[in-house]
Amino acid sequence: MIDTRIAVPEMRLSTLALAAALVAVSIFGTLPAYAEEVQHEYIYGAELMTPKERDAYRQGLQQAPTDDARGEYRQRHRQQLQKRAQQRGKQLDEKGIVRGQGGER
């Protein structure tokens, strides 16, 4: 009887992971999120912002030339969002999460 099994050398897991990443890049044009090192920062008061406002905030932070400028930008943003929350009858906690009517957690 003839053996019909194909002899395939064993691949190491890292080789398979590399191959999967290359396939993902060729299909999607980028690596999957778990393969990228992404730094996420919660935006203070994000629940009170539109997606366009969140994008503009991120862009403003990226354009700030120094750490001090980014700190000032964050502080102005914090004050604006506290005012917005107050106008809507809500409160933001120290992390910028909505507390109050309709936003209790």
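The values are calculated or read from the model by the stated rules, or taken from the named source; none is laboratory data. On a predicted model such as this, the values are computed, not experimentally measured, just so you know. Ideal geometry is used to build each Cβ from the backbone, glycine not excepted, and the neighbour counts take in all protein chains shown.
Things to note:
- Cβ-Cβ distances below 8 Å connect the following pairs, each with a first residue in segment 40-51 that is part of a loop (DSSP other than H, G, I, E, B), a second residue that is hydroxyl-bearing (Ser, Thr, Tyr), and a separation of six or more residues or different chains: Ile43/Tyr57; Met49/Tyr57.
- If you go through segment 69-79 and keep only what is free of Cβ contacts under 8 Å to residues at least 24 places away in the same chain and loosely packed, with under 15 Cβ neighbours inside 10 Å, you end up with Ala69, Gly71, Glu72, Gln75, Arg76, Gln79.
- For segment 26-60, filtered to residues that are farther than 22 Å from Arg84 by Cβ and surrounded by 10 or more Cβ atoms within 10 Å (Cβ to Cβ), the residue that is modelled with the highest pLDDT is Thr30.
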